Amino acid sequence: MAKLENKQKIKKKIGILGGTFDPAHKGHIAISKEALKKFNLKSIIWAITDQNPFKDKSKNNLRNRIKFCKKIIGKNNLIKVRYFENIINSNKTSDLIDYLSKNYNFDIFFLMGADNLVNFHKWHKWKNILKKSKLIVFDRHGYKKRSLNSRTFKGSYDEQVTFVEFNKVNISSSQLRKI
């Protein structure tokens, strides 16, 4: 009986990569694969948002972005594409983390690029995100120094934040939209 109880308490380690994915690209795939391997995650969820509160309206509609994400992932069954905003009635990461924490037995690793860590302290209920998940921050060209000096990384929260240096994919959705 004790073994069964312990088994039930073990949380499934999952990664969440949030964003508009406008468009999804090989950088998203690269950090997803790296996180799966380095942190022994069971899966990665690409949580697509209809609208990032810090960016201009997406150029492509939500349905097309979801379709393209699924296409770029291909047969990789460890990465899943999900849209949660219709369930949680919010586009805030904190609300998504609350929903997942409440409804699933997950140990949550929230993935982001170093550029996002710079202003992470401006995110809605950012301390709640740190309380209920671990941040995995992937180095991004030109952002390492600023992200390592960020309020979040330097604060008392750094035990919840891991900075990952890896072979960067020098591409971004913004660059792709300009093509």
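Applying the condition of being touching a residue at least 60 places away in the same chain (Cβ under 8 Å) and not in a strand (DSSP E or B) to the range 123-150 and asking which residue is surrounded by the fewest Cβ atoms within 10 Å (Cβ to Cβ) yields 124. For the condition outside any helix (DSSP H, G or I), among the aromatic types (Phe, Trp, Tyr) and surrounded by fewer than 14 Cβ atoms within 10 Å (Cβ to Cβ), residue 109 does not qualify. When the range 20-29 is limited to residues that are within 13 Å of the chain's Cα centre (by Cα) and surrounded by fewer than 22 Cβ atoms within 10 Å (Cβ to Cβ), the one that is farthest from residue 83 (Cα to Cα) turns out to be 27. Per the listing 67, 33, the residue uniquely more than 20 Å from residue 113 (Cβ to Cβ) and either in contact (Cβ under 8 Å) with a residue 40 or more places away in the chain or of a type in the set (D, E, K, R) (or both) is 67. Residue 83 passes every criterion in (1) aromatic (Phe, Trp, Tyr); (2) out of contact with any Phe, Trp or Tyr (no Cβ under 9 Å at 6 or more places or on another chain); (3) modelled with pLDDT under 95 apart from (3).
Checked against the criterion of being of a type in the set (D, E, K, R), under 13 Å from the mean Cα position of the chain (by Cα) and at pLDDT 95 or above, the range 91-102 contains one or more residues that satisfy it.
Being among the polar types (S, T, N, Q) and closer than 19 Å to residue 99 by Cα is the filter here; which residues of the range 58-86 pass it?
As a first pass, look at the range 58-86 and keep what is among the polar types (S, T, N, Q): 58, 60-61, 64, 76-77, 86.
Once the filter is applied, which keeps residues that are among the polar types (S, T, N, Q) and closer than 19 Å to residue 99 by Cα, the range 58-86 yields only 86.
Does any residue of the range 84-100 turn out to be in contact with a Lys or Arg (Cβ under 9 Å, 6 or more places away or on another chain), closer than 22 Å to residue 43 by Cα, of a type in the set (A, V, I, L, M, F, W, C) and touching a residue at least 60 places away in the same chain (Cβ under 8 Å)? Checked against the condition, which is being in contact with a Lys or Arg (Cβ under 9 Å, 6 or more places away or on another chain), closer than 22 Å to residue 43 by Cα, of a type in the set (A, V, I, L, M, F, W, C) and touching a residue at least 60 places away in the same chain (Cβ under 8 Å), the range 84-100 yields at least one hit. Considered as a group, the residues in the range 41-73 that are at pLDDT 95 or above and among the small types (Gly, Ala, Ser) include one that is nearest to residue 25 (Cα to Cα), and that residue is 47. Which of the residues spanning the range 88-100 are buried (at least 17 other Cβ atoms within 10 Å of the Cβ) and part of a helix (DSSP H, G or I)? Across the range 88-100, the qualifying residues are 93, 94, 95, 96, 97, 98, 100. The numbered conditions (1) modelled with pLDDT of 95 or more; (2) in contact with a Lys or Arg (Cβ under 9 Å, 6 or more places away or on another chain) are all true for residue 112 except (2).
The values are calculated or read from the model by the stated rules, or taken from the named source; none is laboratory data. Please read these numbers as outputs of a predicted model, since none were measured by experiment. Because the Cβ atoms are built from the backbone with ideal geometry, glycine has one as well, and the counts that use them run over all protein chains shown.
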